[in-house]
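Structure, as structure tokens:
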Amino acid sequence: MRLELFDADKDGSVSRTEFTAGAAARFDTMDTNHDGIVTADERRATWGRRPSR
Ligand SMILES: [Ca+2]
Ligand SMILES: [Ca+2]
């Protein structure tokens, strides 16, 4: 996870507010069915695109 992605106003530093908002946005991205919980399957579906299984 790259911290600079959370720098919403691009001033070079990440405030707690920016971090919280950024982390929440990432969470919402992972929580594909928006039930407020990121399950292992949802996490895998977002991050772990494996070329083979
Ligand atoms: Ca900033
Ligand atoms: Ca979910």
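Here are the numbers:
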quantity	calculated
Per-region count, segment 3-39, residues away from ligand 2 (no atom under 16 Å from the Cβ), assigned to a helix (DSSP H, G or I) and out of contact with any helix residue (DSSP H, G or I) (no Cβ under 8 Å at 6 or more places or on another chain)	4
Filter pass, THR39 being within 16 Å of ligand 1 (Cβ to nearest atom), at pLDDT 95 or above and among the polar types (S, T, N, Q)	no
Considering residues of segment 13-26 that are of a type outside the set (A, V, I, L, M, F, W, C) and near ligand 1 (Cβ under 7 Å from one of its atoms) only, the residue nearest to ILE37 (Cα to Cα)	GLU18
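The values are calculated or read from the model by the stated rules, or taken from the named source; none is laboratory data. The structure presented is a predicted model; accordingly, all values stated were derived computationally and were not measured. Reconstructed Cβ throughout: ideal geometry from the backbone, glycine too, with neighbour counts over all protein chains shown.
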